[in-house]
Amino acid sequence: MTHINVLDPGASPLDYYGFELRRHRESAGLTQKQLGDIINYTGSLVGQIETARKLPTQEFSERVDAALGTGGLLSRLVTLVMRSQLPAWFQQVAELETRAREICTFQMNAIHGLLQTEGYARAVLGVMDGTDLDDRTAVRLARQRIFEKQEPPILWMVLSEAALHQEIGGAATMQGQLAHLLSFERTPRINIQVLPFSAGEHAGLQGSFTLFRFTGDPTIVYTEGYGVGHPSANQDIVEDCSLRYDHLQAAALSLGDSAELIRRVMEERYGDGRDVDGDPVA
């Protein structure tokens with residue numbers, strides 16, 4: 001007789017998801033293989049997700065919802081599942097991202113996670129740790145679903161020019177990442193300004209930071225170290241970082257000029273037939 005793992009639906013969002021998936025599948029009178037055939041996944045994968053051994057994806061959830069008539073239950077649950085898989089120290093920040101009315105971030109060396117492509121995110125997350133890379137990449141990208149909400153947050157990112165030149169994941173990955181940034185050029189709720197090298201010394205030399213602004217709640221500033229995050233509502237810190245952000249925006253290029261610089265770096269440094277220094281390959 002096949003052993004069936006019995007999940008405690010209260011143990012975690014992932015366990016709850018697996019419990020609900022199995023409950024609805026069995027109510028429909030389907031085996032794991034039969035459901036897999038319907039949604040074009042293997043029965044083995046269905047079983048792994050039911051027993052909380054594999055993370056579900058958004059696409060998987062949508063297909064199961066359609067096949068079992070669950071009214072979008074699993075598609076809603078998958079967001080909570082993904083957030084629960086973030087490092088414990090970062091889960092509070094992910095919650096801030098979902099509640100914020102406006103997110104203002106300054107990034108010195110890398111693209112913010114909310115605007116990363118899959119290839120770029122995978123390269124960043126894979127440094128020093130290649131374990132469960134597919135799942136960890138999917139979890140990071142799931143945070144970007146906040147922009148699909150009926151009232152998504154407004155995002156302002158001031159990005160050091162250094163981040164455009166720091167080759168992460170190879171030239172093709174960087175080309176795709178910079179093209180992704182340019183795709184928001186006419187999206188009023190996602191705004192990208194580049195702080196050029198010519199700005200010299202600037203108000204963000206102490207490091208990257210993010211401001212979360214809410215309707216009716218105090219602003220929170222977030223900074224990050226190795227394996228630890230520091231959210232703070234301390235008024236003095238918030239006021240200092242808000243002032244620094246204003247100065248960074250003033251020193252940064254306009255939205256249009258920023259897009260032109262991103263486009264130029266993408267074409268000259270990462271275009272086809274270029275080496276890592278941006279010179280033509282003989």
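Each reported figure results from applying straightforward, stated rules to the coordinates on display, with no laboratory input. Quantities reported herein were computed from a predicted structural model and do not represent experimental measurements. Positions of Cβ are backbone-derived with ideal geometry, glycine not excepted, and every protein chain shown enters the neighbour counts.
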Check: When region 47-91 is examined, which residues are found to be closer than 22 Å to Ala11 by Cα, among the β-branched types (Val, Ile, Thr) and part of a helix (DSSP H, G or I)?
Finding: Ile49, Val78, Thr79, Val81
Checklist line | Candidates Gly216, Gly227, Gly207, filtered to the one that is in contact with a Phe, Trp or Tyr (Cβ under 8 Å, 6 or more places away or on another chain) and at positive phi | finding: Gly227
Notebook entry, point to check: How do the helices (runs of 4 or more DSSP H) wholly within region 92-207 filter down when requiring 3 or more residues that are surrounded by fewer than 18 Cβ atoms within 10 Å (Cβ to Cβ): which remain?
Noted result: 133-142, 171-182
